[in-house]
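First comes the structure, then the notes that go with it.
The values are calculated or read from the model by the stated rules, or taken from the named source; none is laboratory data. Remember, it's a predicted structure, so these values are computed and weren't measured experimentally. Cβ placement follows ideal geometry from the backbone for every residue including glycine, while neighbour counts extend to all protein chains displayed.
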């Protein structure tokens, strides 16, 4: 919990605030140890609750953020993916930039975007093997992209579309034009 300190960085020990001779008494020491332990539990609970106010450190509070922002998540989404989706929703300013679109792409896979402004579309180059992630990425892209732009998606692992490793593994690629009503 050192990454989120409030008032105290060390574990609670109430005997530090009293004269030394009191801690030498066995009954007083037992009371001080019990009270210190209870105080430490409260200190940790306060830190845990405070972490939920920040998307970057929230854990159990992510569901509250999602409810507030009307976001649904799949049970298979990682904590990091959930955080990125929340941050995308919070940071959207109404103007979709290449950087904003790449943030969405990299939430669900690894890739980048190439603009084709004169033809009014952009291409997404991404490598991912999870159809669920592609579906979620597509939903977000169509939520935040400018309405007049088309989207071309390139799913692949290399520029020529194929890679062979010792004749055992072959990875292909596909290119498709994404339509919103698909």
**Asked** Just to be sure, is residue 104 assigned by TED's automatic domain parsing to the domain that holds residue 143, in contact with a helix residue (DSSP H, G or I) (Cβ under 9 Å, 6 or more places away or on another chain), in contact (Cβ under 8 Å) with a residue 40 or more places away in the chain and assigned to a helix (DSSP H, G or I)?
**Response** yes
**Asked** Counting only residues that are part of a loop (DSSP other than H, G, I, E, B) and closer than 22 Å to residue 137 by Cβ, which one in the stretch 59-76 is farthest from the chain's Cα centre (by Cα)?
**Response** 70
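Looking at the stretch 77-99, is at least one residue in contact with a strand residue (DSSP E or B) (Cβ under 8 Å, 6 or more places away or on another chain) and either surrounded by 12 or more Cβ atoms within 10 Å (Cβ to Cβ) or within 22 Å of residue 136 (Cβ to Cβ) (or both)? Break it down into steps so the answer makes sense when it comes.
Filtering the stretch 77-99 for residues in contact with a strand residue (DSSP E or B) (Cβ under 8 Å, 6 or more places away or on another chain) gives 98.
Now narrow it down to the ones that are either surrounded by 12 or more Cβ atoms within 10 Å (Cβ to Cβ) or within 22 Å of residue 136 (Cβ to Cβ) (or both): 98.
Yes, the stretch 77-99 contains at least one residue that is in contact with a strand residue (DSSP E or B) (Cβ under 8 Å, 6 or more places away or on another chain) and either surrounded by 12 or more Cβ atoms within 10 Å (Cβ to Cβ) or within 22 Å of residue 136 (Cβ to Cβ) (or both).
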**Fill in**
By residue number, the members of the stretch 129-138 that are exposed (fewer than 15 other Cβ atoms within 10 Å of the Cβ) and within 15 Å of residue 72 (Cβ to Cβ) are 132, 135
